1. If Ile345 passes every condition in (1) farther than 23 Å from Met126 by Cα; (2) in contact (Cβ under 8 Å) with a residue 60 or more places away in the chain but one, which one does it miss?
2. I'm told Leu248 meets every condition in (1) open to solvent by 10 Å² or more (accessible area, probe 1.4 Å); (2) in contact with a Pro (Cβ under 9 Å, 6 or more places away or on another chain) except one. Can you identify the failing condition by its number?
3. Looking only at the range 118-141, count every residue that is open to solvent by less than 30 Å² (accessible area, probe 1.4 Å) and touching a Ser or Thr at 6+ places or on another chain (Cβ under 7 Å) and tell me the total.
4. Looking only at residues that are open to solvent by 10 Å² or more (accessible area, probe 1.4 Å) and among the polar types (S, T, N, Q) in the range 344-359, which one is nearest to Glu379 (Cα to Cα)?
5. Condition first: open to solvent by 40 Å² or more (accessible area, probe 1.4 Å) and within 16 Å of the chain's Cα centre (by Cα). Can you find one or more residues in the range 100-117 that meet it?
6. Please name all residue pairs, on different chains or six or more residues apart, with Cβ atoms under 9 Å, provided the first residue is in the range 423-447 and is closer than 29 Å to Gly90 by Cα and touching a residue at least 12 places away in the same chain (Cβ under 8 Å) and the second residue is open to solvent by 70 Å² or more (accessible area, probe 1.4 Å) and assigned to a loop (DSSP other than H, G, I, E, B).
7. Give the number of residues within the range 158-208 that are under 20 Å from the mean Cα position of the chain (by Cα), more than 25 Å from Glu393 (Cβ to Cβ) and β-branched (Val, Ile, Thr).
8. When you scan the range 223-235, how many residues do you find that are surrounded by fewer than 17 Cβ atoms within 10 Å (Cβ to Cβ) and among the β-branched types (Val, Ile, Thr)?
Amino acid sequence: MNRNHWRRPRLLALTGVIVSAMVLSSCGAGGRDDGDGGDGEGGGASDVGVTADSVKIGAHFPLTGVAAPGYSEIPTGAKAYFDYVNAQGGVHGRQIEYIVKDDGYNPTNTSKVTNELLLQDEIFAMVGGLGTPTHSAVVDQLNSEGVPDLFVSSGSLMWGDDPEARPMTFGWQPDYEIEGKIIGQYIAENMPDAKVGLFLQDDDLGEDAEKGIRQFLDDQIVAVERYTSGTQDVGPQIAGLQGAKADLVLGFNTPSYTALAKLVAMTIGYNPDWYFSSIGSDPTLVGGLLAKFSEGKVKGASALDGVMTSEYIPGIDQPDDPWVQLWQKVWDEHGTDGKLTNYRIYGMSHAYAFVQALQAAGEDLTREGIVEALEENGESMAGPQLAPFRYGEDSHMGISGLRIVELAGTTSEPLTEVLVSDIGDAEIAEDDSEQAGDAPPESGVPE
């Protein structure tokens, strides 16, 4: 592939943005400045959002609204890790300035706050923006304006399967298709007589998951029920699954809908086996939501006992893991209110990857340079993830694998080894990279 492939979408979009570019150039929000970068920092300001001693990045998260439980903790973890790195001198002498905007998991709001981040805050990159429906509203804008769009907090295929169309965007977590494939194969091999029902969010989240699941379970699926994010009633969907006599339900949804689905099922006396995607299965959070939604009638994480899910980074139920020990240290030193949670660990983990990308991009930090650095070095970046990234010129897909686990209280028991795959008809195999055995550097900062 042409090393300049990332430039083509920008050229195609040039006509539509030329007027705004002319306006923005006068206030320093466009490309490189001919002189000192507009801030008196001399050669240290190599691109938008970069000075000799800082790099400014942004993110959109649901700090309020239906998706806020759990997900609002992710940026607190990321900020704690960035503060930890800043306390050790930053990256190439630059402090990381992290700006988070609340979009309430509403795509219209996502567009609004993204405009603020680009035009008012003048960020260098978007890092970890959360949500399939929300980030879909801004991914084309970020690419047309040449803004690095790194480590999207979502498993949609669109973040990494077509670098030609979205050259600035990189996924981070395993995509929903390979998660669907891996759980699909597991069910086909271990529960071949199960009558499978699907409970899916009605967007790319559900569509991508179903695509993977059907590769293995097409003949076992007896019902598919979908919900629109924002609705508060999933009774018809759960009743539909019950009516179809599904005895195993695979749910790809956010935590609130895991809790709602379980609560409705208990209310109507429906007791299938369950699998919930990693994004919606945190037992502590879902247990708390169940208690809230049931007005205290259902208490504790035990409501998820026996539920299957997946994991691709170590969590708080593994306190002896060296990565979890590092995250606990980071949170103790730089965290805000509350305890270390799996969502904060998620935020720290993709913050760690961003620091690696900054290091690889070098001292003369540019938007183009960080994309090239990830394409050239990203696949070999070690970290807390259990399987390697898939970054390269032809793929911006994130973590390549996961393992299936069964929940018991707030702990999990592995049901499989770490399994890796890719989209399409790529085979599923046990990971042989030994990624899961890597420990963090002693300093806690990538080397």
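1. So Ile345 meets the others, but not (1).
2. (1)
3. Looking only at that region, the number is 9.
4. Across the range 344-359, the extreme among qualifying residues is Gln356.
5. Checked against the condition, which is being open to solvent by 40 Å² or more (accessible area, probe 1.4 Å) and within 16 Å of the chain's Cα centre (by Cα), the range 100-117 yields at least one hit.
6. Cβ pairs passing all conditions: Ser443/Gln88; Gly444/Gln88; Val445/Gln88.
7. The qualifying residues number 2.
8. 2
The values are calculated or read from the model by the stated rules, or taken from the named source; none is laboratory data. Not measured: the values here are computed from a predicted model. Glycine also receives a Cβ, built like all others from the backbone with ideal geometry; neighbour counts cover every protein chain displayed. Each accessible area value is taken on the protein alone, full model and side chains, heavy atoms only, with ligands, DNA and RNA left out. Shrake-Rupley method; radii C 1.70, N 1.55, O 1.52, S 1.80 Å.
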